[in-house]
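**Q** Below: one structure in C-alpha cells.
The values are calculated or read from the model by the stated rules, or taken from the named source; none is laboratory data. Just so it is clear, the structure is predicted and the values come from calculations on it, not from any experiment. When we count neighbours, we look across all protein chains shown, and the Cβ atoms used for this are built from the backbone with ideal geometry, even at glycine. Just so you know, the surface numbers come from the protein's heavy atoms only, side chains and all, with ligands and any DNA or RNA stripped out. Shrake-Rupley method; radii C 1.70, N 1.55, O 1.52, S 1.80 Å.
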Amino acid sequence: MRWAKGNKRIAAVVFVFLSVGAGLGIYYGFFHYENAETSASTQELFFPELKKFVVIPGIEEGINVSIILLEKESTTDFSKSYFVNVTFTGMDADADTNDGRQQQELPSRMFLRRDLNEMQQQQTKRHNQESMRALDIFVSEDEIPVSINYEELEERVATGSVEKFHLSGGAIGSYQFQTESDDLHGIAFADANERELQIFACFNNEACAGEDGRPSESPTNSPTVVPSFSPTKTPSSSPTDVPTISPTISRAPNFTNQPSNAPTISSRPTESARPSTIPTQYPTSSPTAKPSPYPSLHPSATPTVSSTIGIPEPVTFAFSQPKSNDYPTSGTINFVRRYTFDISTGAITSFVTMKFVDIDPPNAPGAKIYLSPVSGGKKVNDAGVIPVDIEQAEKNGLYTVEGSFEQNVPGDYDENSNYQQVIIWCEPFDVHIGGGTIEYLE
C-alpha cells in the first residue's frame, strides 16, 4: 500500500513537470511572438533614379570616367535631392591590346614574363602618379564653352551658375556630391593644382555647341589625323542634319602659334593615340557642320563615348494593399521597374524593386509575406509561391518593419509569373492571416 502511494506521488510530480515543460514549449514556440515589437525603418532614401549620364574615355592614360546624375527621394517627407556620381575605371580592352603588342616586342620567350612584369609595374606606377593628381569637376545647367578659362569658371561658381567639386584623390575610385540642380547639362574637368581646364563634355547626347551657338569644331577640308574608334564612313557632299549618337567631347584649346591655356590631361601620348598614316575618312569639299561666321579655334578631340538619349524613368507597374481581419495592418506595396547604368558595358539595364510606403505591419505572431501567382491564393505551398524576407527585420525576415522603405525583389522572383496575390502568413501556427490582390497598372 505504501509503495502504491509513493508511486502515485512520483507520478504526480512527473506529470506536473511535464505539464510545465509542455506549457513553456508552447509559449516559447508560439505565443512569445505576440510580444515581438515592430521596428521603424532606418532607410532614409528610396532607390535612386538615373537621370542623365555620360562616359568619357581616356580622361587619363588607360582610364575612363562616367558621370551620372541621380535623383533620390526621401522615405519620410518624400522630398527629392540630386547627386552627381563620378566613377573612374580602367580601359581593360586597351590594356589587353597593349599587353599583346608588348609581348610581340619582347626579345625572347625566356625573358617574356620578367620583362612583361617590369613593363606592367612601370605602367602601373606611371598611371598611379598621373591618377593621384587632384582634379576639379565643374557642372552646369548650361553648356560650359571651351573658350572659357579656369578663373572665369570660378567666377561663375561664385555667382551660383556653375557648381564645382574637388576630386582630391584624382582619377581613382568613385565620388558622390550633392548638387542643387535637377537638370545638369555641361561638364568640365580641370587639373586642380595647375588650375587648367582639360576636357569638356555634355550629358546624354545633348548638343555641345558653345554658349554663343558656334560649333565647337571647325570645318576642315583635309582628312582628320586623330584616330577614330568608330566605323569609317564616307562623308556626304552636303552638310548633314542628322545628329550623332555620341555627345561632343571637347579637349581644351590648343592654339598653333601660342602656348595652350589648357594642356591635355595625359602627360605623354600613348602608342594607341599616335596619328595614323591612313586617313580615317575621305576629304570632303563641304563641312559636316554649318560654318560659323566666327570660326572656332578650338578643335574637338574625336571621342569614343557610350551614351543614350531618353533614359527610361522608373515605372510603378503594380501595387497591393494587404489587409487582415484579425490583425490590423495598412500600407501600400509598390512594384517598381527601375534602371541602372553598367559602367563596364555602357548599357542601361532594368531591375524590379518592392517599394513599401507607410507600412503599419500586423501585430501577429511571426507574420511573413509571400507572393503567389494564384488569384486569391491563401496557401504558401501552392506552385510558384515565393517568400519575401524583409531586409531590415530583426528576426527571420518577418513583416515587422514600419514606415517607408525599398528593397530588391527576392532572388527567385520571376516577372513572367504574373504574381496575383500578397499573402500574410503566420509562421508559428502555419495559417493564413491576411493578404491583398496585386493590381497591375500596365
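**Q** So what's segment 315-440 giving for Rg/Rh, alpha carbon basis, Kirkwood Rh from the mean inverse pair distance?
**A** Values: Rg = 14.8 Å, Rh = 14.9 Å.
A ratio of 0.99.
**Q** Where in segment 50-69 does the label zone of ASN193 land, with the point 7 angstrom along Cα→C-beta and an amide N cut-off under 17 Å?
**A** Only 60-61 fall inside the zone, counting backbone N under 17 Å.
**Q** Let me ask you something else. Set the Förster radius R0 to 45 Å, insert the Cβ-Cβ distance between SER39 and ASN149 as r into 1/(1 + (r/R0)^6), and round the FRET efficiency to 0.05. Intermediate results must be reported in sequence, preceding the final value.
**A** Values: r = 55 Å, r/R0 = 1.22.
Approximately 0.25, to the nearest 0.05.
**Q** Right, here's the next one. What FRET efficiency would be calculated for the residue pair PHE317, VAL13, taking the C-beta separation as r and a Förster radius of 51 Å, to the nearest 0.05? Don't skip to the answer; put the middle values down first.
**A** Working: r = 64 Å, r/R0 = 1.26.
Calculated value: 0.20.
**Q** What full-extension length gain, to one decimal in nm, is calculated for ASP389 and ASP142 as 0.36 nm per residue of separation minus the Cα-Cα distance? The partial results should precede the final answer.
**A** Numbers: separation 247, 0.36 × 247 = 88.92 nm, distance 4.50 nm.
Value of the extension gain: 84.4 nm.
**Q** Next question. How far apart, in nanometres, would the label points at SER174 and PHE351 be if each is projected 7 angstrom from Cα along the Cα-to-Cβ direction?
**A** Result for the modelled spin labels: 1.0 nm.
**Q** To the nearest 20 Debye, how big is the dipole of segment 315-440 about its Cα centre, given +1 on the beta carbon of each Lys and Arg and -1 on that of each Asp and Glu?
**A** Working: 8 positive and 16 negative charges, 43 e Å.
For segment 315-440, the charge dipole is close to 200 debye.
**Q** Okay, moving on. Could you list, in their original order, any pairs among LYS52/LYS80; LYS72/LYS395; LYS51/LYS164; LYS52/LYS164; LYS80/LYS323; LYS51/LYS72 whose Cα atoms are separated by more than 21 Å? Write out the running numbers ahead of the final one.
**A** Working: LYS52/LYS80 16 Å; LYS72/LYS395 28 Å; LYS51/LYS164 19 Å; LYS52/LYS164 18 Å; LYS80/LYS323 30 Å; LYS51/LYS72 10 Å.
In this structure, LYS72/LYS395; LYS80/LYS323 exceed 21 Å between Cα atoms.
**Q** Can I ask one more? How long is the gain from TYR327 to HIS432 if the chain were fully straight, where each residue apart is worth 0.36 nm and the alpha carbon distance is subtracted?
**A** Details: separation 105, 0.36 × 105 = 37.80 nm, distance 1.14 nm.
Value of the extension gain: 36.7 nm.
**Q** ASN396 versus VAL374, label points 7 Å from Cα toward the beta carbon: distance in nm?
**A** For ASN396 paired with VAL374, the spin-label model returns 2.2 nm.
**Q** So, for segment 315-440, what is the accessible surface per residue at a probe of 1.4 Å, expressed in square angstrom? If you can, show how the numbers build up before the last one.
**A** Numbers: 5530 Å² over 126 residues.
It amounts to 44 Å² per residue over segment 315-440.
**Q** Here's something else I'd like to know. Using the C-alpha gyration tensor of segment 373-442, what are the square roots of 5 times its eigenvalues, in whole angstrom, with the largest one first?
**A** Numbers: eigenvalues 75, 55, 28 Å².
Gyration-tensor ellipsoid for segment 373-442: 19, 17, 12 Å.
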